[in-house]
Amino acid sequence: MTTNIINKIRNVFQLDIIGDQYYDWGEQHWLQLDPDNQETQPIVSVATVYPGEKQLPHVHSGYIEIIIGLEGLTTHWCNNREIKLDKGKIGYISDGGNHRHINDSATPASFISIVYSTIPKSLKELSTGADIELTEMAKVINLDAIAEKFAQTVNMTVTLIDVSGNFLTEKKSLPELCLLCIRERSGNCVLSSVSQREPYSENKISRCKFGVSAIQSPVVVNGRVLGYLGCGYGRMSTIIPKAELMALDKLTASKAQAAYMNLNFMTRNQLISVAETLSLVSASLVQLMDNSLKEKELSSYRVSLSEEREMQARLHNSLSQARLKFLESQVNPHFLFNTLNTIAQQAEMDGASILASLTYSLSNLLRLSLGKAESLVTLEEELSYIKDYLFIQQTRFPDKFDVAIEVDPDILTVKIPFMTVMVLIENSILHGFRNVRQQGRLSVRGYKQGAAGVIEVHDNGCGIPDPIAAAVRELPHADYDPPSLKGIGIKNIFLRLKHYYGDTFDLILTQREEGGTLARITLPL
């Protein structure tokens, strides 16, 4: 009968047959319409109902159907509405209608089926600047809940996998036959071998070797396939592929066959109609992911902006405190400067050369501090007043420590905040050499290291306590305000370097293995 029907269809309609499906009640053959400029065309097929057979009730989800009698008589029901369809008669099956039909006669009856999808036109492929990955988005969006809702809408199983074959929805919703196939790794569908296939960018209806049919809609962004949204996973034939099923599960062939018969029965019309739904859901899913990424980036920017404002507020507060202390300490600084010079001159006249030198050194430090307290100075300038400071301290603590200064001329022009190195030297003298009996050794080094300049101050004193070293390591953390650093000027140095150099500098304080402390500042040249 099948051959006669196919030949008759070709002779009458002069169109190619692009697909067919066979049922207990009859057979159906889909026709290829001539192409036009429309994005979508109706789905046209010829259905033949065998004598005395009937089709069980089924719901038209997402499409309407127009039926036209060709020969014989079939009786159709749409919900409770009866349609007697003989040659030339036209009937209508509504979207969501419960449809069934019967051929009570002794001869085959045929009719034309014209199906129109009621799904809105699918969205065009999304172009976005974001680098979207389905696996990452699954951590942000509950994709499984979206897929489950869609499955309830179309009354079919729905899956979502990435291009590597990783499931982003629960496997438990799959039919038993598909789960068995995945477990045995015996399938040839996209669920079993996606990583071995070339990505495809259009909807694709497939039937695996075990007779399971599904449609896969690629999720595409910027021309790149991210994964596949699948729907269906039912059977479109009553013929059991016994040989293939036996190969799948030799020990329980009857179990595999039973699993096949338990598959939902689908028609080609249902799969083709749901294809446009899949395209729409895929595009909407991508849009949702893109919006989620943008919202995540915006939230991250807000947090970053808030942290930056907080850092600026702390820097401003620190600078304000430094200005206040500086102003409080001035007490007519020019008067003090002139007085110190007068004392030094009188000391020279009286033959007190050491007193004169001390007074001149103190005067130089005061003069420098008046003009440099809020600016950058070169390392060479810093060293000039460090020598005056060291003269004062060595005079104060005779035979307490020796000093060695060795600086590469290539880094003398490196600029640092005023008194940065002197604070490190002061810590070595006042804290490092406190309660130490041996002769103190203080070393100041400066050298190039690649594209950076390195300034080191190290001593052989008592060594930096572990809590202070740990606190210095935590300084880059925006919310960290260690009480252990109060009184030693380290946090002030860090904040001023941060103000001028951002994240391009490094400040470390460590305890040396041979004893003492090493302070190192690394700056870009």
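Each reported figure results from applying straightforward, stated rules to the coordinates on display, with no laboratory input. Because the structure is predicted, anything quoted here is derived from the model rather than measured. Methodologically, a virtual Cβ is constructed for each residue, glycine included, from the backbone with ideal geometry; neighbour enumeration extends over all protein chains shown.
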Inter-probe distance in nm under a simple model that places probes 7 Å from Cα toward Cβ, at residue 410 and residue 15: 8.2 nm
Between residue 477 and residue 378, 0.36 nm times their residue separation minus their Cα-Cα distance comes to what? 32.8 nm
Under the rule of at least 5 residues apart or a separate chain, name every residue whose amide H is placed under 5 Å from the amide H of residue 264. 235
Using the Karplus equation 6.51 cos²θ - 1.76 cosθ + 1.60 (θ = phi - 60°), what ³J(HN,Hα) coupling, rounded to whole Hz, does each residue of the stretch 233-245 give in order, writing x for Gly and Pro? 6, x, 10, 10, 8, 8, 7, 7, x, 4, 4, 5, 5
Stretch residue 508-residue 298 to full length: gain in nm at 0.36 nm per residue minus the Cα-Cα span? 72.2 nm
Within the stretch 495-512, backbone nitrogen closer than 17 Å to the virtual label 7 Å beyond the Cα of residue 438 toward Cβ: 511-512
Would you mind getting me the FRET efficiency between residue 183 and residue 239? Use the beta-carbon distance for r and R0 = 30 Å, nearest 0.05. 0.75
Within 10 Å, count the other beta carbons around each residue, average over each peptide in 299-308, 229-238, and list them highest first. 229-238, 299-308
Need one number: nm distance between label points at residue 71 and residue 423, each 7 Å from Cα along Cα→Cβ, rounded to one decimal. 10.1 nm
In this structure, among 448/498; 54/89; 172/209; 172/242, pairs with alpha-carbon gaps over 28 Å are none
Once fully extended, how much extra length lies between residue 264 and residue 50, figured as 0.36 nm per residue of separation less the alpha-carbon to alpha-carbon distance? 74.8 nm
